[in-house]
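The structure appears below as structure tokens.
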Amino acid sequence: MKQTTKSLLTLATVILFFTVLYFANKYLDPYKLIILTLCGINVVLGLSMNLINGFTGQFSLGHAGFMAVGAYTAALLTMPPEVKEMNWFAVPMWPPLHDLCWPFFLAVIMGGLVAAFFGFLIGIPVLRLRGDYLAIATLGFAEVIRVVIINVKPLTNGALGLKAIPVVTDVFWAWGAAVLTIFLMIRLINSSYGLALKSINSDEIAAEAMGVNLFYHKMLSFVLSSFLAGVGGALLGGLLGTVDPTMFTFLMTFNILLIVVLGGLGSITGSVIGAVFVTILMEWLRIVESPVDLGFVQIPGIPGMRMVIFSFLLVLVIIFYQQGLLGRRELTWEGIFNLLRQVQERFKKRNKDKSVPSSEVG
Amino acid sequence: MAPLFQANNLVMQFGGLTAVNKVSMSIEKGEIVGLIGPNGAGKTTVFNIITGVYRPTSGSLIFNGRNITGLRPDQVAKLGIARTFQNIRLFRDLTVQENVEIGYHLRIHSGPWRAVLRTPKYVAEEKMIKERASQLLAQVGLVEYRHEKAGALPYGAQRRLEIARALATNPRLLLLDEPAAGMNPNEGLELMAFLREIRKQFDLTILLIEHDMRVVMGICERIYVLDYGTLIAEGTPEQIQKNPKVIQAYLGVDDSVRD
Ligand SMILES: Nc1ncnc2c1ncn2[C@@H]1O[C@H](COP(=O)(O)OP(=O)(O)OP(=O)(O)O)[C@@H](O)[C@H]1O
Ligand SMILES: [Mg+2]
């Protein structure tokens with residue numbers, strides 16, 4: 001298939017998709033809209049984690065930390081002075097913050113940039129580590145970020161969190177960011193740099209012997225991943241209207257890990273599908289946490305049951321289906337058309353099989 | 001003319017074990033030099049020191065008039081020393097073409113942003129990489145496998161691909177760690193012809209570790225012999241074959257060499 005045809009198909013799909021979003025935004029009820037928006041944010045977060053964990057093969061578990069940095073940065077930048085005064089009633093706010101009131105777009109970008117900067121600082125020591133050690137170190141740093149947030153009250157308002165953040169994130173913001181991220185990832189992964197990342201994933205020693213600067217490329221991947229995590233966090237804050245330290249525990253990282261593992265480590269389209277699947281399932285499974293009245297018996301709701309189910313799902317996937325949904329493969333236009341062709345041929349064949357005996361009779 | 005490569009008094013200690021002991025060698029441009037010795041003699045360790053995987057306990061490395069001691073492997077590769085590994089280390093889950101393309105990555109000038117934005121400069125560089133990679137694969141006779149995963153190739157083709165991948169970095173000195181391992185005599189002969197061919201085409205200097213004595217004696221112009229980390233002999237294949245110390249090290253029995 002020609003490159004231009006594929007690009008046109010992609011463009012058409014994106015336009016169609018945003019048209020659907022437009023109508024969804026108009027006619028869906030608010031609850032469903034929030035889920036749809038969450039799907040878009042989770043696409044960004046899933047791709048962010050897949051970049052460093054799936055494509056580069058560096059097992060990093062610091063996502064919640066970078067999201068927190070992005071969410072707090074954007075929240076502080078967008079909250080108007082009155083709202084800030086309302087939030088900081090227990091301790092005084094750091095004065096320079098008071099008058100900041102940026103447009104949402106810039107605040108989100110800044111959230112990403114500050115998270116990227118944290119990624120850079122943390123990356124210097126931890127990216128020299130391998131495998132399990134890297135996972136433990138990044139996990140530790142994420143927790144450090146959270147503890148700092150709880151304690152630097154003039155900047156973050158501590159454990160109380162921030163409330164009444166302007167709610168700006170809607171389906172267009174979330175999916176706009178998602179589509180841009182997908183585009184960025186496709187471009188990066190298919191470039192020479194993407195190849196270098198994959199070579200590190202495949203065999204670090206060989207990659208280095210072939211002239212790939214390990215530290216530089218791991219840092220590139222880690223910083224970009226942190227940036228996207230920060231953007232995701234900023235969008236999440238702008239959707240929920242509140243941020244607080246309890247939002248950014250390991251559970252958050254775990255959810256994203258689930259998306260990436262289910263979708264396939266090292267597959268862009270896999271992460272997109274995984275993000276939508278996990279987000280919807282996570283909402284749908286709220287049923288198991290709410291009390292059920294069967295008329296004759298009442299089953300009380302079990303909080304945390306969703307996580308039990310999801311953990312179980314993750315374990316099952318890791319044991320029986322390590323590849324996840326797509327493995328390292330991608331859903332491409334060629335793939336889709338080949339599939340359609342196969343289906344069509346099967347139909348034709350079946351029709352022929354039916355027509356053969358009748359012609360013999362005639 | 002100064003030699004292309006020089007190692008001066010290399011020492012490598014792992015805890016109490018001295019794997020390489022005061023090894024000095026010198027290689028002229030265009031030579032094919034052999035590095036032989038019984039199992040565990042320290043040959044691969046010498047390669048690892050040259051390519052920056054290990055920093056020598058003492059001693060220095062001069063390449064192309066430059067002191068390269070203590071540089072990182074990617075820096076060494078960039079300066080023009082490429083290698084293959086004793087146990088093949090291909091990027092197994094990437095295609096043959098991609099394996100070779102990675103070798104060109106270190107010559108890319110456009111930064112990651114240009115790559116993502118696909119600026120004309122980057123696009124031109126990428127086009128060149130793809131063309132060169134295809135050309136190189138054609139030269140080494142692997143073009144038919146281009147789109148296959150490297151890990152799915154037959155063993156001989158994998159060995160060849162590893163050499164092709166090293167060639168993609170545009171080396172001046174090529175280090176081959178047992179390129180004939182696991183090959184039958186016929187494949188060994190093919191390999192010799194192949195090495196001579198690429199030396200000419202790519203203007204290479206080659207240092208090779210090899211246990212297969214037909215290959216070593218057939219292709220090397222000069223040979224260094226290592227035993228227990230120490231150089232015990234140096235000379236032409238004829239001199240080495242007659243050297244009593246070498247015969248002693250190999251217990252005088254040619255067949256035991258391959259074990
Ligand atoms: N990283 C390391 N740590 C400790 N000891 C090592 C290390 N690398 C190599 N050695 C030891 O150094 C000695 C030389 O090993 P080396 O691999 O260089 O031998 P070789 O000549 O390549 O042998 P072979 O023919 O079996 O490949 C061996 O005793 C080996 O166990
Ligand atoms: Mg060896």
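The values are calculated or read from the model by the stated rules, or taken from the named source; none is laboratory data. As the structure is a computational prediction, the values presented were derived from the model and not from experiment. Positions of Cβ are backbone-derived with ideal geometry, glycine not excepted, and every protein chain shown enters the neighbour counts. We work out accessible area using only protein heavy atoms, side chains counted, and drop any ligands, DNA or RNA first. Shrake-Rupley method; radii C 1.70, N 1.55, O 1.52, S 1.80 Å.
Here are a few things to note about the model shown:
- Relative contact order (percent, whole number), region A:179-322, Cα cutoff 8 Å, 6+ residue spacing: 13
- Under the shape rule built on the C-alpha gyration tensor, where the axes satisfy a ≥ b ≥ c, the protein assembly as shown is prolate, since a/c reaches at least 1.5 and a/b is greater than b/c.
- Cα-based Rg and Dmax for region B:1-144, where Dmax is the largest Cα-Cα distance (Å): 18.4, 55
- Estimated distance in nm for a label pair at A:Q3 and B:E187, the labels positioned 7 Å out from Cα along Cα-to-Cβ: 3.8
- GNM result for chain B, Cα springs below 10 Å: residue of B:G37, B:G65, B:G16 fluctuating most strongly: B:G16
- Chain A contacts chain B over a buried accessible area of about 2500 Å², both sides summed; the probe is 1.4 Å and only protein chains count.
- Dimensionless Rg ratio for region B:1-45, taking C-alpha atoms and the 2.2 N^0.38 Å reference: 1.33
- Our note on the geometry: Cα centres of region A:103-130 and region A:28-53, 20 Å apart.
- Portion, in percent, of the accessible area of chain B that falls on carbon or sulfur, probe 1.4 Å: 51
- Chain B - Debye-derived log10 I(q)/I(0), Cα point model, q = 0.15 Å⁻¹: -1.11
- When the square roots of the Cα gyration tensor eigenvalues are ordered a ≥ b ≥ c, the ratio a/c for region A:14-164 is 1.5 or more and a/b does not exceed b/c, which makes its shape oblate.
- Inter-label distance, nm, simple model (7 Å from Cα along the C-beta direction), A:L314/A:V148: 2.5
- Mean ellipticity per residue at 222 nm, deg cm²/dmol - from DSSP H runs of n ≥ 4 across chain B, formula -39500 (n - 2.57): -11500 deg cm²/dmol
- Solvent-accessible area per residue in region A:67-163 equals 50 Å², computed with a 1.4 angstrom probe and all protein chains kept.
- For the protein assembly as shown, share of DSSP beta bridges that run antiparallel, in % to the nearest 5: 60
- Note that region A:120-127 has calculated 3J(HN,Hα) couplings of 4, 4, 5, x, 4, x, 7, 6 Hz, one per residue in order, obtained from phi through the Karplus relation 6.51 cos²θ - 1.76 cosθ + 1.60 (θ = phi - 60°); glycine and proline are x.
- Only Lys, Arg, Asp and Glu carry charge here, each on its Cβ (+1 for the first two, -1 for the last two); on that basis region A:35-357 has a dipole of about 1060 debye about its Cα centre.
- Whether region A:203-353 is rounded, prolate or oblate, judged on the alpha carbon gyration tensor where a/c under 1.5 counts as rounded: oblate
- Taking Cα atoms only, the orientation of helix A:192-202 departs from the longest principal axis of chain A by about 90 degrees.
- Taken as Cα centroids, region A:284-351 and region B:45-103 sit 45 Å apart, rounded to the nearest whole angstrom.
- Cβ charges +1 (Lys, Arg) and -1 (Asp, Glu), total dipole of the protein assembly as shown, debye: 940
- Chain A - Rg (one decimal) and Dmax (whole number), Cα, Å: 23.3, 95
- Placing A:S311, A:S191 in order of accessible area, with the largest value first and a 1.4 Å probe, yields A:S311, A:S191.
- Cα-only radius of gyration and Dmax that characterise region B:136-210, units Å: 11.9, 31
- Using every pair of distinct Cα positions in region A:138-236, the Kirkwood expression returns a hydrodynamic radius of 16.4 angstrom.
- Taking every alpha-carbon pair under 8 Å whose residues sit at least 6 apart, chain B reaches a relative contact order of 26 percent.
- Degrees, to the nearest 10: B:120-139 long Cα axis against longest axis of chain B: 50
- Chain A: relative contact order in percent, alpha carbon pairs under 8 Å with at least 6 residues between: 27
- Burial of accessible area (probe 1.4 Å, heavy atoms of protein chains only) in region B:97-115, relative to its chain alone, reaches at least 40 Å² for B:I102, B:H105, B:P112.
- Restricting the calculation to Cα atoms, every distinct pair contributes to the Kirkwood radius of region B:91-168, found to be 12.8 Å.
- Under Stokes-Einstein, with the Kirkwood radius over Cα pairs as Rh, the value for region B:179-249 at 37 °C and 0.692 mPa s is 250 µm²/s.
- Residue-normalised accessible area of region B:91-168, given per residue in Å² at a 1.4 Å probe: 45
- Here the gap between A:F120 and A:I287, fully extended at 0.36 nm per residue and compared with their Cα-Cα distance, gives a gain of 56.0 nm.
- On the basis of the beta-carbon distance and an R0 of 60 Å, B:K149 and A:V297 show a calculated FRET efficiency of 0.60.
- In this structure, B:R92 and A:I15 have a Cβ-Cβ separation that, at R0 = 30 Å, corresponds to a calculated FRET efficiency of about 0.15.
- C-alpha long axis of helix B:185-202 to longest principal axis of chain B, angle in °: 60
- Annotation: lysines with alpha-carbon distance below 24 angstrom to B:K43 (same-chain offsets under eight excluded): B:K22, B:K29, B:K78, B:K242, B:K245.
- In order along region B:169-178, phi translates into HN-Hα couplings of 6, 6, x, 9, 10, 10, 9, 10, 9, 6 Hz, rounded to whole numbers, per the Karplus curve 6.51 cos²θ - 1.76 cosθ + 1.60 with θ = phi - 60° and x for Gly and Pro.
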